[in-house]
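One structure is given below, encoded as structure tokens.
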Amino acid sequence: MDISYLGHQSFKIKTKTGSVVATPASLTISHKSGGDDFIITSPGEYEVEGISVFGYKSDENNVYVVQNDDLRICYLGDLAKPLSEKVVSDLENIDVVIVSCDLMETKQVVETVAKLEPYYVLPYGAMVAKFIAAYEHGSRSVKSLNLSKLTLSEDLTEVIVYE
């Protein structure tokens, strides 16, 4: 699975069977074999071309989990308030969290990520440097991230910053 940053608040998650473009407004699943895109704009459970998506309502925001290739990627979208305990309990076994650093206080972003216990954090926004300093796990810069269940870090959560 490849995860790349498209700019602003958009990420592309490429799997063996298709691609997902995540934005705060929607998730768009494109089939590898062609055909019409499938657009998700509300909470619920979806499966398209072997890609499972679970959507959860969190205040005025939708939080999505994309599951494929034995990996679970959580896109927190425009999260402006900490997640409720109910949503946190629904978001178990998350491998990667994609989170904006601009809409909540840095401390709240750090606490939200810590509750989800991912292997990787992909922060974005103008306040990324502040998040990295507060999270205290170090970081590395990449152009894109290639992951499989076998390559997940066994140690601390790793922060990935896109170049």
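No value in this document is a laboratory result; all are computed from the given coordinates. Being a predicted model, the structure only gives us computed values, none of them experimental. Heads up, the Cβs are rebuilt from the backbone with ideal geometry, glycines too, and the neighbour counts pull from every protein chain shown.
Peptide packing for 67-78, 138-149, 17-28 was compared via the average number of neighbouring C-beta atoms within 10 Å per residue; ordered from the highest value, the list is 67-78, 17-28, 138-149. Projected label points at Asp36 and Glu105, each 7 Å from Cα along the beta carbon direction, are separated by 4.7 nanometres. Using Cβ point charges alone (K and R +1, D and E -1), the dipole size of the range 40-140 about the Cα centre works out to roughly 380 debye. Checking the Cα-Cα distances for Lys14/Lys57; Lys81/Lys143; Lys32/Lys115; Lys12/Lys81 against a 26 Å cut-off, the pairs over it are Lys81/Lys143; Lys32/Lys115. Positive-end ranking of Gly55, Thr28, Leu83 along the dipole of the chain, with charges on Cβ about the Cα centre, is headed by Thr28.
If you place +1 on the Cβ of every Lys and Arg and -1 on the Cβ of every Asp and Glu, how big does the dipole about the Cα centre of the range 1-88 come out, in debye to the nearest 20?
160
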